[in-house]
Amino acid sequence: MKLTYYGHSCFSVIVGGKTLLFDPFIKYNELAKQIDVNRIGADYILLSHGHEDHVADALEIAQRTGATIVSNYEIVSWFQAKGVKNAHPMNHGGKWRFDFGTVKFVNAVHSSGMPDGAYGGNPGGFVIEGAEGTFYYAGDTALTMDMQLIPMTCPRLNFALLPIGDNFTMGVEDAIIASDFVKCDSIVGLHYDTFGFIKINHAEAVQQFKNKGKELLLPAIGQTIEL
Ligand code: NI
Ligand code: MN
């Protein structure tokens, strides 16, 4: 699968010929100045929770591309009230078959207020299953025992996207345990470096994963990798 990283927790993956864009936060990301939001394609925009650093560019991209917003019921309703036409609400534990494959909305331990203070439901992650393989996007979350349910209920993961920046989410040590819980040794790191509280030492993080026989990928912002 082709994965393009747009900084912070935003990336796109092409599944079944469709572009799935996750948690767009580009325009206000100081580290992603070289990325032009107007050139990002999307057929689906998946939002893990309501925080600004995960939804900031979602409305604009949805309006320009006509992409379908997939998130929890409260977040989807918030975007529909702003005029988004294509939207698909989910809630935890639920799975839906889309034209590219299936999406399961799974548990995350975090919070989820909307940028304007509206209620944003509960935060989640996604397991995406397509003809090319399966991957897990954890969203913002603590390490949680619920991650152990993923390999019990989903096909073997080709890769997992986990937050590693600490302070607001898991840090590297807990992300390594999370990768054990989801039974996946190929990890893409997210939610690091963007602000002061979450700056990390890349070489150290990569080495910590390597010491456990795992690979931590930290693509550059704008870089596309094949997984
Ligand atoms: Ni958050
Ligand atoms: Mn966040």
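Quick note: the coordinates plus some simple rules give every number you see, no bench work behind them. The structure displayed is predicted, hence computed values, not measured ones. For neighbour counting, all protein chains shown are included, and Cβ atoms are generated from backbone atoms with ideal geometry for every residue, glycine included.
The table below gives the values:
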| read-out | value |
| --- | --- |
| Volume of the Cα convex hull of the chain, divided per residue and given in Å³ | 106 |
| ³J(HN,Hα), Karplus 6.51/-1.76/1.60, whole Hz, each residue of the range 210-227, x for Gly, Pro | 4, 4, 9, x, 10, 10, 9, 9, 10, x, 5, 5, x, 7, 10, 10, 9, 10 |
| Footprinting exposure proxy for R64, R156 (fewest neighbouring C-beta atoms within 10 Å first) | R156, R64 |
| Under 5 Å, built H, 5+ apart or other chain: amide partners of C10 | F25 |
| Fewest-first sequence of K18, K210 by Cβ atoms within 10 Å of each Cβ | K210, K18 |
| For G222, residues with placed amide H under 5 Å, excluding near neighbours | Y5, Y6, G7 |
| Entries in K2/K104; K18/K85; K95/K199; K27/K214 that, when Cα-Cα distance is taken, lie over 26 Å | K95/K199; K27/K214 |
| Normalised contact order of the chain, rounded percent, pairs of Cα under 8 Å and 6 or more residues apart | 18 |
| Helix-only mean residue ellipticity at 222 nm for the chain, each DSSP H run of n ≥ 4 adding -39500 (n - 2.57), per residue, nearest 500 | -5500 deg cm²/dmol |
| ³J(HN,Hα), Karplus 6.51/-1.76/1.60, whole Hz, each residue of the range 19-33, x for Gly, Pro | 9, 9, 10, 10, 6, x, 9, 10, 4, 9, 8, 4, 7, 10, 4 |
| Set of lysines near K212 by C-alpha distance (under 21 Å), chain-local residues within fewer than 8 positions excluded | K183 |
| Cα centroid of the range 98-152 to Cα centroid of the range 1-77, whole Å | 15 |
| Alpha carbon Rg of the range 85-190, scaled by the compact-globule rule 2.2 N^0.38 Å | 1.07 |
| Ascending count of other beta-carbon atoms within 10 Å, so fewest first, for W96, W78 | W96, W78 |
